[in-house]
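Take a look at the structure below.
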Amino acid sequence: YLQDQLELTEQWHAVLGARYDQFSVDLHNNRNNTDLHSDDDLVSPRAGLIYKPITDVSAYINYSKSYVPRAGEQLAGLSATNAALEPEAFVNREVGLKWDLSSQLAVTAALYQLDRTNVAVTDPTDPTKLLLVDGQNVQGVELELQGQVIEGWDFVAGYAKQDAEVEAPAADRGKTLPQVPKQKLSMWHKYQFNDQWGVGLGLTSQSASVIALDNKITLPGFARWDAAVYYKPLPDVRVQLNVENLTDKHYAASAHNNNNIMPGSPANARLSVSYKF
């Protein structure tokens, strides 16, 4: 890949880039004794324009295209036609703003549209097979605020609202895209008591979403609290305890299909020790 940021003037900057991928995979399906092969040569371009009217403000517009080649179970679930094995493609258009309100507070905002083609989704009538959806569209807005409340208390908060629907084939046009919640909210607060001790508390939340392309079953929304404790017994040693799902909330995190829903992890903890040298 190659990328360069060009300073056209003191206020205007341009970003140009491209990435090349060569991806090859062979699959032998032991269930039906068939062999499948996929070979992709992919070029992903990117272009953007940045405008800085003042030092603390940057406005930008960006275009990019990327791919996800077929791999793993997708190959077994699709037919051996060229159309079925072509990679999934993404075209993203985005316009946004970054603003340092002060030395302790910064805000970013973005409006985006993501178009997806040749998407493989689970067949709601047969979970072992995949269907190709030639058009999906996601439009949304993202907001992020990060900074420092008081000395030692840092935070980051993010909110996203998006509308996702199927555009093709015609039989599914207008349906909601599976497992894309309309709203998501996350935040993380960290307070450092002194050079040795610190604590963190975070929230992850999302609204309900449909499970499959038929839009018959809904995955309920949820809110989950996480926490952390940080300890530095020595300048180069850090001990960290992370607790996920602090309140042991029962919720559904994702789903493979209408009949296979994955529960979220119960309360769990992870202790790690790191040494910097």
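The values are calculated or read from the model by the stated rules, or taken from the named source; none is laboratory data. Here the structure is a predicted model, which means the values were calculated and not measured. As a convention, Cβ positions derive from the backbone with ideal geometry for all residues, glycine included, and neighbour counts pool all protein chains shown. With ligands, DNA and RNA removed, areas are computed over all heavy atoms of the protein, side chains included. Shrake-Rupley method; radii C 1.70, N 1.55, O 1.52, S 1.80 Å.
Remarks
- With K and R counted +1 and D and E -1, the other residues having a Cβ less than 9 Å from that of residue 40 yield a net charge of -3.
- Within-14-Å neighbourhood charge of residue 19 [Cβ basis; K, R +1; D, E -1]: -2
- Among 121, 271, 96 the positive-end extreme of the charge dipole of the chain (Cβ point charges): 271
- The average projected area of region 160-261, computed from the convex hull of its Cα atoms over all directions, is 8.8 nm².
- Residue by residue, region 48-62 carries 3J(HN,Hα) couplings of x, 9, 10, 10, 10, x, 9, 4, 8, 10, 10, 10, 9, 9, 9 Hz when phi is fed to the Karplus relation 6.51 cos²θ - 1.76 cosθ + 1.60 (θ = phi - 60°); x denotes Gly or Pro.
- Phi to ³J(HN,Hα) by Karplus 6.51 cos²θ - 1.76 cosθ + 1.60 over region 186-199, Hz, x for Gly, Pro: 9, 8, 9, 10, 10, 10, 9, 5, 7, 5, 9, 10, x, 9
- Distant-in-sequence amide H partners of residue 258 (H built 1.01 Å from N, under 5 Å): none
- In this Cβ point-charge picture (+1 for Lys and Arg, -1 for Asp and Glu), region 90-143 has a dipole of about 100 debye about its Cα centre.
- From the Kirkwood radius over Cα pairs of the chain, Stokes-Einstein at 20 °C and 1.002 mPa s returns a whole-number translational diffusion coefficient of 96 µm²/s.
- Scattering profile of region 129-171 at q = 0.16 Å⁻¹ [log10 I(q)/I(0), Debye over alpha-carbon scatterers]: -0.62
- Shown for the chain: lysine pairs separated by 8 or more places, or found on different chains, whose C-alpha atoms are under 14 Å apart, numbering 5.
- Summing Cβ point charges (Lys, Arg +1; Asp, Glu -1) relative to the Cα centre of the chain gives a dipole of roughly 720 debye.
- Using a probe of 1.4 Å on the protein chains alone, the accessible area found for residue 61 is around 100 Å².
- Computed extension length for residue 71-residue 3: 21.7 nm, one decimal, from 0.36 nm per residue of separation with the Cα-Cα distance subtracted.
- Each of 250, 28 has its accessible area taken with a 1.4 Å probe; listed largest first, they run 250, 28.
- Karplus 3J(HN,Hα) series, Hz, for region 89-106 with 6.51 cos²θ - 1.76 cosθ + 1.60 (x for Gly, Pro): 10, 10, 10, 10, 10, 9, 10, x, 9, 10, 9, 8, 5, 7, 5, 10, 8, 9
- Averaged over residues, the count of other Cβ atoms within 10 Å places the peptides 176-187, 14-25 in the sequence 176-187, 14-25, highest first.
- Selection among 203, 222, 259 by position relative to the dipole of region 194-264 gives 259 as farthest towards the positive end (Cβ unit charges, Cα centre).
- Viscosity 1.306 mPa s, 10 °C: Kirkwood-radius Stokes-Einstein D of region 208-277 over Cα pairs, µm²/s: 109
- Theoretical ellipticity at 222 nm over the chain - DSSP helices of four or more residues, -39500 (n - 2.57) apiece, nearest 500: -500 deg cm²/dmol
- Pairs of Cα atoms farther than 22 Å apart, region 120-220, %: 49
- If R0 is 35 Å, the Cβ-Cβ spacing of residue 52 and residue 183 corresponds to a FRET efficiency of close to 0.65.
- Remark: relative contact order (the chain) = 9 percent; criterion is Cα-Cα distance under 8 angstrom and separation of 6 or more residues.
- Assigned charges on the beta-carbon of Lys, Arg, Asp, Glu; region 73-171 dipole about Cα centre (debye): 100
- Extent along principal axes [Cα atoms of region 1-135; Å; largest to smallest]: 64, 31, 25
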